[in-house]
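Reading through the structure tokens given below for one structure.
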Amino acid sequence: MQSFNWGVLGPGSIAHTFAKAIAPSKKGKITAVASRSLQRATDFAKRYAIEKTYSDYKQMLADPNIDIIYIATPHNFHYQQAKMCLEAGKHVLVEKPCTVNAAQMQALVALSKCKKLLLQEALWSRFMPCLSQLRQVLKEGLIGQIQYIQSDIGFAFQSRKESRLHQAELAGGSLLDLGIYSISVSQFLLEEHPDSINAIGQLTEQQVDGHVLANMHYASGRYAQFTCSMLSQTSNTMGIVGTEGHVYLPACFWDTDLALIYKDNELIQNIEIPHPVNGFEYQIEQSMQCIEQNKQCSDMMSHKDSIGVMEVMDDIRKQIGVRYPTNIEALN
Ligand SMILES: NC(=O)c1ccc[n+]([C@@H]2O[C@H](COP(=O)([O-])OP(=O)(O)OC[C@H]3O[C@@H](n4cnc5c(N)ncnc54)[C@H](OP(=O)(O)O)[C@@H]3O)[C@@H](O)[C@H]2O)c1
């Protein structure tokens, strides 16, 4: 069995979830962490028994013992940092959204193909076995033909003005942080990209999207509808409606370990697959398996799907008037 040395780039909030998830792995371990703050890197390293610390991302990338980097910084940095990792010959698992727009995602995909290195968006829901089993059951027609999907996702961040979600220069807003789950999980279940989208939204004083309400239509005639908010605490549930029944994904629907399947308003089946750790472990193991198989991404969250989700978000941002600073949308 191949083993993999991971480097963590940006040991902030979500990097802790990653570190806990990889701890029991038989294949992978974190051997280095890089932060702009040596103190932050050292604290993180101590907590998770990590060998090496760097106060410069590039220095970590020059370490020949590191195979793969987990990028855990705010959205606006992902494109440049993923590019830097691939150019340094490292495989990369990038937190969602992998880039700020579809053009950046396309450029990274081309680079990963050219370098024959993994470029994986860490859209963790997509790797959960519960969601895969649900997709299979839906394909088999347990609730008839799927008609539409409805979901909402929201947390009240209005008092946390320092949060990256409030900042346009960090590609903040509810869509890229939260709405991405509704779009991506709907895409996974329907196995289709929308052909038309209608969205309305409310911008904050900082000109990022506070709420978004969107309707997506698919060529098959199905729909997906979602709301996302960084200003309201919502139900965080998803419903999948078929001609003969419905499925309910309780909160938080994107942390999918339970799906409740109903027919004629009676619960007929539960799909329940508890996470061994916290749900991040699936995407970590899948990334390493892809490298072993010389694949540049997983079929569970392909490059085509990452680009498709980014295209939807580009379209919605255009419709509701969210414009990030041009430098973070650029390709250079
Ligand atoms: N999958 C999930 O459930 C989940 C949940 C939360 C977040 N996320 C994703 O994870 C990513 C990071 O989110 P987070 O909440 O963990 O971020 P965070 O804690 O705010 O920041 C993570 C790291 O990014 C760097 N950073 C933060 N603000 C910066 C700034 N203004 N300028 C330069 N560097 C900055 C810092 O790296 P240094 O240590 O080097 O300074 C920091 O340690 C985002 O893409 C987010 O969407 C995913």
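Bear in mind that the values in this text are calculations on the coordinates, not laboratory data. From a predicted model like this one, the values you see are computed outputs, not experimental measurements. Glycine also receives a Cβ, built like all others from the backbone with ideal geometry; neighbour counts cover every protein chain displayed.
Quick notes on this structure:
- Residue among Val241, Thr256, Ala199 farthest towards the positive dipole end of the range 195-290, charges placed on Cβ: Ala199
- Relative contact order (percent, whole number), the range 129-272, Cα cutoff 8 Å, 6+ residue spacing: 31 percent
- Length-normalised contact order for the chain - Cα pairs under 8 Å, 6+ apart - percent: 20 percent
- The range 230-332: trypsin sites (Lys or Arg not before Pro) in DSSP loop, at most 16 other beta carbons within 10 Å: Lys295, Arg323
- Check: the range 56-104 dipole with +1 on Lys, Arg Cβ and -1 on Asp, Glu Cβ, in debye: 140 debye
- DSSP loop GluC sites (Glu not before Pro) with at most 10 other Cβ within 10 Å: longest gap in the chain: 1-139
- Kirkwood hydrodynamic radius of the range 240-332, from inverse mean 1/r over distinct Cα pairs, in Å: 17.1 Å
- With a cut-off of 14 Å between beta carbons, the residues surrounding Gly179 carry a summed charge of -4, where Lys and Arg count +1 and Asp and Glu -1.
- Förster radius 41 Å - calculated FRET efficiency between Gln80 and Glu244 (Cβ-Cβ, nearest 0.05): 0.25
- For the range 184-204 and the range 270-332, distance of Cα centres in Å: 14 Å
- Equivalent ellipsoid, the chain (semi-axes from 5 times Cα gyration tensor eigenvalues, Å): 32, 24, 19
- Net charge dipole size for the range 290-332 [Lys, Arg +1 and Asp, Glu -1 on Cβ; Debye, nearest 20]: 160 debye
- Take the Cα of Arg47, step 7 Å toward its Cβ, do the same at Gln206, and the gap between the two points is 2.2 nm.
- Where labels lie 7 Å past Cα in the beta-carbon direction, separation of Lys29 and Ser220 in nm: 4.4 nm
- Cα gyration tensor category, rounded, prolate or oblate, for the range 129-272 with a/c compared to 1.5: prolate
- The range 129-272 - charge dipole about Cα centre, Lys and Arg +1 at Cβ, Asp and Glu -1, debye rounded to 20: 100 debye
- Reducing the range 56-102 and the range 221-250 to their Cα centroids gives an inter-centroid distance of 33 Å.
- Of all lysines in the structure, the ones whose alpha carbon falls short of 20 Å from that of Lys139, not counting any fewer than 8 places away in one chain, are Lys263.
- The calculated pair-distance distribution of the range 49-159 uses every alpha carbon pair, bins of 5 angstrom beginning at 0, and gives 2, 10, 16, 17, 14, 12, 12, 10, 5, 2, 1, 0 percent.
- Chain lengthening between Asn294 and Asn65 when straightened (0.36 nm per residue, less Cα-Cα): 80.6 nm
- Within a Gaussian network of the chain (alpha carbon springs, distance under 10 Å), most fluctuating of Ala34, Ala21, Ala219: Ala219
- Among the listed pairs Lys29/Lys295; Lys58/Lys113; Lys27/Lys83; Lys29/Lys318, those whose Cα-Cα separation exceeds 30 Å are Lys29/Lys318.
- Taking each residue as 0.36 nm, the span from Gln133 to Asn265 lengthens on full extension beyond its C-alpha to C-alpha distance by 45.4 nm.
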